[in-house]
Structures are given as C-alpha cells and as structure tokens.
Amino acid sequence: MSQTVDARGLSCPQPVLIVMERMKEMGSGQIEVIVDNEVSRENVGRAARSKGWQVEDEKREGGDYHLLLRR
C-alpha cells in the first residue's frame, strides 16, 4: 500500500502528527511525504525512524522536500 502526505504550508508539529497518524493507520507500506521546510523534513524523518519506519529516499525538488518512508 502506498500513500502520499502533502504537508506543504504546515509548520511543525503538524506534518509530524499527520505522518504519525498515517503510519499508525497503515501499519506498514510506503508513504511519500512532501514538506516545504528543513525543520519538518528533519522531524518527519526522525519520527518515522523512531516508529520503525525507514527513510528510503530523500530529495529536494525546488523548494520542497520529498521523503519516501517504508515499513
């Protein structure tokens, strides 16, 4: 199962809370997360790893950060 979370325009902790809820709902699978600031990128990655998810890919496109989380 693959889902996308577009958290652009949101400041922390909102992106983290949204991603944590999605991880809880899914249990496992793949989530693409899009954020637009460095702090959210760092915090989402840290939160995902703390819950046993892997940050498989991370890239910057324009002003956005794309993280690929998998469990």
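Just a few scattered comments:
- Residue check for Glu56: at pLDDT 95 or above, outside any helix (DSSP H, G or I) and surrounded by fewer than 17 Cβ atoms within 10 Å (Cβ to Cβ): yes
- Of all residues making up segment 33-53, the number that are outside any helix (DSSP H, G or I) and touching a Phe, Trp or Tyr at 6+ places or on another chain (Cβ under 6 Å): 1
- Residues in segment 41-58 that are under 12 Å from Cys12 (Cβ atoms) and polar (S, T, N, Q): Asn43 alone.
- Scanning segment 20-54 for residues being under 13 Å from Arg70 (Cβ atoms) and among the hydrophobic types (A, V, I, L, M, F, W, C) gives a total of 6.
- Within segment 24-50, the set of residues being touching a His at 6+ places or on another chain (Cβ under 6 Å) and charged (D, E, K, R) is empty.
- Verdict on Met23 being touching a helix residue (DSSP H, G or I) at 6+ places or on another chain (Cβ under 9 Å), touching a residue at least 40 places away in the same chain (Cβ under 8 Å) and not basic (Lys, Arg): yes
- Any pair with Cβ under 6 angstrom, 6 or more apart, that starts in segment 27-40 at a residue that is over 15 Å from Thr4 (Cα atoms) and ends at one that is modelled with pLDDT under 95: Val39/Cys12; Ser40/Cys12
- Matching residues, segment 59-71, being over 9 Å from the mean Cα position of the chain (by Cα) and outside any loop (DSSP other than H, G, I, E, B): Lys59, Arg60, Glu61, Asp64, Tyr65, Arg70
- Residues that are in a loop (DSSP other than H, G, I, E, B) and not aliphatic (A, V, I, L, M) were ranked within segment 1-32; the one that is surrounded by the fewest Cβ atoms within 10 Å (Cβ to Cβ) is Gly27.
- Of all residues in segment 42-71, those that are of a type in the set (S, T, N, Q) have Cβ atoms under 6 Å from Cβ atoms of residues that are surrounded by 14 or more Cβ atoms within 10 Å (Cβ to Cβ), 6 or more apart or on another chain, in Asn43/Cys12; Asn43/Val16; Gln54/Arg70.
The values are calculated or read from the model by the stated rules, or taken from the named source; none is laboratory data. Quick caveat, the model's predicted, so the values are computed rather than measured. Virtual Cβ from ideal backbone geometry, glycine too; neighbours counted across all protein chains shown.
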